[in-house]
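First the structure, in the form of structure tokens, and then the observations on it.
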Amino acid sequence: MRFNRLDLNLLVALDALLTERSITRAAERLKLTPSAVSSALARLREYFDDELLVQVGRKMESTPRAEGLHEAVRDVLVRIDSTIAMQPQFDPANTDRTFRIFLSDYSQLVFAPHMLALAAEQHCSARFEFLPQVTNPQRSLERAEADLLIIPRGFLSPDHPEEVLYEEEFVCVVWRDGPLADGELSFERYLAAGHVVMQPAGAVGESFEAWFLKRYGVSRRVAVTTYGFAAMPALVCGTAYVATVHARLARAFVKAWPVAIKAPPLPIERMQQAVQWHKYRTQDPGLVWLRNLLRAAVQRMAD
């Protein structure tokens with residue numbers, strides 16, 4: 001199919017090339033030979049009268065024209081995928097679909113098991129791919145690299161639909177046999193202690209609880225930094241450290257590790273855990289089913 005003399009199939013190749021910035025990796029992504037992708041790049045260069053990708057040392061870099069095209073091309077492809085290519089119905093028991101969901105290890109521990117159990121009860125044959133925390137997860141949604149984002153509401157994009165799934169409180173976790181386990185965890189003891197905090201690998205910024213604590217002018221002494229939430233309760237064992245974590249995560253770990261739960265010495269706003277999807281895919285039957293599954297999982301988690 002052509003539009004203004006452009007073979008629209010070349011847009012798929014252009015998107016892969018600009019994403020991978022490598023003919024070889026783009027060929028693997030498209031399941032084509034490198035020579036076929038090289039030929040597509042030559043045709044694209046001729047059509048746009050621009051090199052699009054240039055060799056810089058051992059890497060290929062996008063030209064300014066290519067950078068300007070990338071988001072527009074991705075937007076067109078997402079629209080096509082969510083309208084023309086979308087299946088009119090979704091049967092969870094007869095599908096080979098892969099759902100790609102961006103969510104933290106905390107959500108995988110306390111929420112995802114309920115979702116997967118409900119899917120199993122429906123004999124769901126879909127595959128679930130959980131994606132790690134990254135900087136600007138909204139870009140994964142925009143580029144259709146993720147079907148859903150399940151993250152705190154404050155990190156969502158204002159450009160796409162969202163729904164709050166549930167609220168979560170924060171508590172403090174300390175070693176059960178350590179000095180902080182005795183008596184009240186006062187504000188002074190909290191500030192004097194070493195803290196275990198979470199910082200996603202390669203991410204910019206801080207976790208929800210750290211961001212909120214800064215609003216109160218609190219400066220904590222960070223003793224340990226880890227890239228996931230799940231390890232935080234365990235990392236206080238054998239120490240005088242404290243970790244400020246999600247209440248559900250703490251309750252799960254108190255059964256397996258020698259830790260004690262303490263009330264935070266300052267008010268911490270509840271976290272609103274939300275789900276977001278691309279605005280073009282609101283009517284996608286598969287995602288409609290999946291969002292309903294998430295709602296049922298929240299109810300099961302609360303029971």
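What are the residues in the stretch 271-292 that are in a strand (DSSP E or B) and crowded, with 21+ Cβ neighbours inside 10 Å, if any?
Met271, Gln273, Val275, Gln276 - these are the residues of the stretch 271-292 that are in a strand (DSSP E or B) and crowded, with 21+ Cβ neighbours inside 10 Å.
For the stretch 139-155, enumerate the residues that are crowded, with 20+ Cβ neighbours inside 10 Å and within 27 Å of Leu213 (Cα to Cα).
Within the stretch 139-155, Leu149, Ile150, Ile151 qualify.
Condition test on Ala66, is it surrounded by 17 or more Cβ atoms within 10 Å (Cβ to Cβ), touching a residue at least 40 places away in the same chain (Cβ under 8 Å) and among the small types (Gly, Ala, Ser)? Break it down stepwise before answering.
Values: surrounded by 17 or more Cβ atoms within 10 Å (Cβ to Cβ): yes; touching a residue at least 40 places away in the same chain (Cβ under 8 Å): yes; among the small types (Gly, Ala, Ser): yes.
Judged against the criteria, Ala66 is a match.
Counting only residues that are among the small types (Gly, Ala, Ser) and modelled with pLDDT under 95, which one in the stretch 108-158 is nearest to Ala274 (Cα to Cα)? Step through it out loud before you land on a result.
Let us first name the residues in the stretch 108-158 that are among the small types (Gly, Ala, Ser), namely 112, 117, 119-120, 125-126, 140, 144, 146, 154, 157.
When the remaining residues are screened for being modelled with pLDDT under 95, the result is 140, 144, 146, 154, 157.
Numbers: Ser140: 16, Ala144: 18, Ala146: 15, Gly154: 9, Ser157: 11 Å.
Result: Gly154.
Collect the residues in the stretch 226-270 that are outside any loop (DSSP other than H, G, I, E, B), in contact with a strand residue (DSSP E or B) (Cβ under 6 Å, 6 or more places away or on another chain) and basic (Lys, Arg), keeping them in residue-number order.
Residue satisfying the conditions is Lys262 alone.
Does Ser219 satisfy the condition of being surrounded by 18 or more Cβ atoms within 10 Å (Cβ to Cβ) and at pLDDT below 95?
no
If you scan the stretch 159-180, which residues turn out to be β-branched (Val, Ile, Thr) and more than 20 Å from the chain's Cα centre (by Cα)?
Of all residues in the stretch 159-180, those β-branched (Val, Ile, Thr) come to 164, 171, 173-174.
Matches in the stretch 159-180: Val171, Val173, Val174.
For the stretch 85-187, which fully contained strands (runs of 3 or more DSSP E) count at least 3 residues that are touching a residue at least 24 places away in the same chain (Cβ under 8 Å) and hydrophobic (A, V, I, L, M, F, W, C)?
Result: 98-103, 127-131, 148-152, 170-175.
When the residues of the stretch 98-137 are narrowed to those that are of a type in the set (S, T, N, Q) and surrounded by 20 or more Cβ atoms within 10 Å (Cβ to Cβ), which ends up nearest to Glu167 (Cα to Cα)?
Result: Ser107.
Would you say His195 is touching an Asp or Glu at 6+ places or on another chain (Cβ under 8 Å), crowded, with 19+ Cβ neighbours inside 10 Å and either farther than 17 Å from Gln133 by Cβ or not assigned by TED's automatic domain parsing to the domain that holds Leu141 (or both)? Walk me through it before giving the result.
On the way: touching an Asp or Glu at 6+ places or on another chain (Cβ under 8 Å): no; crowded, with 19+ Cβ neighbours inside 10 Å: yes; either farther than 17 Å from Gln133 by Cβ or not assigned by TED's automatic domain parsing to the domain that holds Leu141 (or both): yes.
Criteria not met by His195.
Within the stretch 14-59, can you find the residues that are free of Cβ contacts under 8 Å to residues at least 12 places away in the same chain, hydrophobic (A, V, I, L, M, F, W, C) and in a helix (DSSP H, G or I)?
If the condition is that a residue be free of Cβ contacts under 8 Å to residues at least 12 places away in the same chain, hydrophobic (A, V, I, L, M, F, W, C) and in a helix (DSSP H, G or I), then Ala27, Ala36, Ala42 are the ones that fit.
Please determine, by comparing only the residues of the stretch 76-107 that are in contact with a helix residue (DSSP H, G or I) (Cβ under 6 Å, 6 or more places away or on another chain) and among the hydroxyl-bearing types (Ser, Thr, Tyr), which one is modelled with the highest pLDDT.
Top of the filtered list is Tyr106.
The values are calculated or read from the model by the stated rules, or taken from the named source; none is laboratory data. Quantities reported herein were computed from a predicted structural model and do not represent experimental measurements. Cβ atoms come from the backbone with ideal geometry, glycine included; neighbour counts cover every protein chain shown.
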